[in-house]
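No value in this document is a laboratory result; all are computed from the given coordinates. Remember, predicted model here, so these are calculated numbers, not experimental data. Cβ coordinates were reconstructed from backbone atoms using ideal geometry, including for glycine residues, and neighbour counts include every protein chain displayed.
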Amino acid sequence: MGDAIVLENVRKTFGDKVAVEGMDLRVPQGSLYGFIGPNGAGKTTTIRMIMSIIFPDAGRLSVLGKASAVESKDRIGYLPEERGVYRKMKVGAFLRHMAALKGVSGPAAGGKVRDWLERVALGEVERKKCEELSKGMQQKVQFVASIIHEPELVILDEPFSGLDPVNRRLMRDLFLEQHKRGATVIFSTHQMHQAEELCDHIVMIHRGRKVLDDTLDAIRSQSDSRIVAVRLARGGVDPGPLSAIAGVRHTGGAGLELEVSLSPEADAPRVIAEVAQRVPVESIALRRPNLEDIFVEIATDAGDASVREALAGVGAGEIEGEA
Amino acid sequence: MGANKILRIARREYVSTAMTKGFIIGAFIVPLIIMAIIPVIIWLTMRAKGPAVEGEVAIIDRSGVVASAIAENLTPESIARRQAEDVLRAQEKISEEFAVPAQSTDQKALVETTTNLALGSAPNLRVVTLDSADDPEAEKAPILEAAKRRVADGDQTTRVALIVVSPDAVHRDDAAPGNPFGGYELFVRTKLDDRVIDAIRYAASEAIREARYASSGLNRAELDALWKVEQHTREVTEQGERASSEAVTQMLPLGFMILMMISVMVGGQYLLTTTIEEKSSRVIEVLLSAVSPMQLMAGKIFGQMCVGLTLLVVYSGLGIFGLISAARADLVEPRAVVLLLIFFLLAYLMIASLLAAVGSAVNELREAQSLQTPVMMLIMLPYMLWLPISRDPNSGLALVLSFVPPAGPFVMMMRVASTDPPPALQILLCIAVNAIGAYACLWAAAKIFRVGLLMHGKAPNYKTLLTWIRMA
């Protein structure tokens, strides 16, 4: 099988700000790829270049075998991060319009629109105006608009933002189904745990550069770092002294939760014992690193101390939109 | 494939604009209502001219012979009769000009009815003849006093005017022919209804005139007959002769241009708002997942062009229908209609692409104001220069402006519809030059459109737009 998407040394700048640089990427047909990275890392810019909505300053790009996505837009489904609907248009009319723009028209389109609305539990809103829908409902309508023409390539930019847990699950099932159907699926998220849960292949983007591009299993096995997760018994403890323990690379965390990452040669039981001696501990455990830890590790190795702040709080709640 | 998408976009654009209640009401029903209301308003103004003014008019008649005649002319009946005659004269002129079939009703009866109508609102004035030796200064005081007291009209003792007729108004001291007669002075209250002043002036002048005729032994009817020269201007046409149509001929170029202007502006403005709407509602990137920016722009421009064309066809259809019913259809040459379409197209493409660019660059309608003002000025230019151009359609000004996009098509339209159309070569050259202009506008707009669509944040200025043109 060939590659659905090929990027070679792609670069894009806006004014004097470099958004994406030296981006090489191959996405094989039929795969499920996750683009991760903090807000403003360059995910949306990369996706927009793949969609030929903006054009790279340098480098080569091929989508579904064509030099530009313009020639194969009918075979691509795209849910942009900046998404909206025609407020005054009826839901059914909007979806039929979008379907027609992607080459699905005639009586078949009407049936498809109805079927899909039923599937996302919006069967009764076909004759309502889009502005009457809640934000989450609008998002489901937009998702339907992006896949109604059964595309070979589905690109979803932050598909989960703004959805409640029930709809998040529905959305996940729907796009996993697209993957099963044989479509190549790419989605971006700044929430690492979502990527971890869904993808078989991860591309991590940081400051406009690709910093990781591998299968989840390989990433996990390559990463030799381990983490000691500590829950403090009381607040106001200075975690500074912990860095002095032999085998500790750095400490992090917020509030009562502390994370102590270990260097490869560290003796884990000994570190745990020492940590327990120096700070009041409620619970303490050794765990495998997750994607977020790996990302912090990579970015820290690159000498970037700001990453931790950038990621702080990201795992817990929703942060909308790229900066 | 591309054409299909463009047509889809255009169709949505047209349906969401022209097939809305707002558009149909604004474009067709409101004008119809206005047209229906105008006759009613005219009828109302003719019928009820507000509350009748009441008051006292004092006369100091130093000539000693006209006071009673002035009083006679100021009775409500005479004033109403004169007003009725004025109205009928105006109607006659209109029906002659526009070939509206004249009512065959008896002219005398008509005057009678109209007079009765006007009678209700005619000023009710009490005329007081003072002694010819009275001091005008002293007699002006009641006028001032009445104004101060702010006595409402309706009190016949309120003095509203004083007429002082000079001694030599009818009999000159030196009766050599050509020597000037004296006249009269009229003093009126401030803010007196102009129709009342008019009536008083007419009454006094007529009375003095009558008296002069009488004293010179001249026959009024005979003089009137001598004065009046019967004339009829006839246009010689293939369908035969008919009354001339100066008014129609004068208005035709303006009509053509305004028709074009309305159609271009309506289409262009809708294009601007729908573009801004697509951007601010963030539907734009969803669209761009299916079409390229160029297909989107082409579809939108084409869709709104159809909106403009709808107006153009309906309004010009009504206009031509009006001319046909007035038997003046031959004033519009088929060539002018074809050129109307061509010039509309050129003007629309220029204006629309500029407005599409503006719409794509801003975040909300408010920000578009400053950017679109210069575009508006360019369109208003031919409108402001309507008079000089239609008076002298082949002047240097008209010639130069014909070749300045985007004013060119408007100016050329006026010239083509004027009494002295320009040579065909000039028309072709105008089309060529403005077609190049339209292409340039589209080219620049396409670049701005492509960049602007995804730009959010600070509203750009012209300098930024230029950077975008160079960038894309």
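The angle separating the long axis of helix B:30-47 from the principal Cα axis of greatest extent in chain B is about 0 degrees. When each of the peptides B:273-280, B:402-409, A:56-63, A:280-287 is scored by how many other beta carbons lie within 10 Å of its residues on average, the order from highest to lowest is B:402-409, B:273-280, A:56-63, A:280-287. Based on Cα contacts under 8 Å between residues 6+ apart, chain A shows a relative contact order of 19 percent.
For chain B, the relative contact order comes to 17 percent (Cα pairs under 8 Å, sequence separation of at least 6). Between B:Gln91 and A:Glu150, the simple spin-label model (points 7 angstrom out along Cα→Cβ) gives 7.5 nm.
Our summary of shape: the Cα atoms of chain B have principal axis extents of 95, 60, 42 Å, ordered from largest down, in whole angstrom. Share of pairwise Cα-Cα distances greater than 18 Å in region A:209-257 is 50 percent (whole percent). Here the Debye sum runs over all C-alpha atoms of region A:103-175 as equal scatterers in vacuum, and log10 of I(q)/I(0) at q = 0.20, 0.24 Å⁻¹ comes out as -0.91, -1.25. With neighbours defined as other Cβ atoms within 10 Å of a residue's Cβ, the residues B:Lys458, A:Lys90 order from fewest to most as B:Lys458, A:Lys90.
Across peptide A:79-91, the mean count of Cβ atoms from other chains lying within 10 Å of each residue's own Cβ comes to 5. Applying a DSSP loop filter and a limit of 14 other Cβ atoms within 10 Å to the trypsin sites (Lys or Arg not before Pro) in region A:98-148 leaves A:Arg127, A:Lys128.
Each eigenvalue of the Cα gyration tensor of the protein assembly as shown, multiplied by 5 and square-rooted, gives one semi-axis; in descending order these are 85, 33, 23 Å.
Among the listed pairs A:Lys88/A:Lys112; A:Lys210/B:Lys447; A:Lys102/B:Lys21; A:Lys90/B:Lys447; A:Lys66/B:Lys5, which are separated by more than 27 Å between their Cα atoms? From A:Lys88/A:Lys112; A:Lys210/B:Lys447; A:Lys102/B:Lys21; A:Lys90/B:Lys447; A:Lys66/B:Lys5, over 27 Å: A:Lys210/B:Lys447; A:Lys102/B:Lys21; A:Lys90/B:Lys447. Projected onto its three principal axes, the C-alpha set of region B:341-472 covers 52, 25, 23 Å, listed from the longest axis down.
Dividing the helix sum by the residues of chain B, where each DSSP H run of 4 or more adds -39500 (n - 2.57), gives a mean residue ellipticity at 222 nm of -22000 deg cm²/dmol.
For region A:224-272 and region B:318-388, write down the distance between their C-alpha centroids in whole Å. So the two Cα centres are separated by 73 Å.
Ordering B:Trp468, B:Trp386 by the number of other Cβ atoms within 10 Å of each residue's own Cβ, fewest first, gives B:Trp386, B:Trp468. For helix B:194-216, what angle does its Cα long axis make with the longest principal axis of chain B, in degrees from 0 to 90 and rounded to 10? Tilt relative to chain B: about 40 degrees. Remark: region B:265-409 carries a charge dipole of roughly 100 debye about the Cα centre, counting +1 on each Lys and Arg Cβ and -1 on each Asp and Glu Cβ. Shown here is the pair-distance distribution of region B:263-382: with all Cα-Cα distances grouped in 5 Å bins from zero up to the longest one, the shares run 2, 11, 18, 19, 17, 12, 8, 6, 4, 2, 1, 0 percent. Between the C-alpha center of region A:59-113 and that of region A:177-213 there is a gap of 22 Å.
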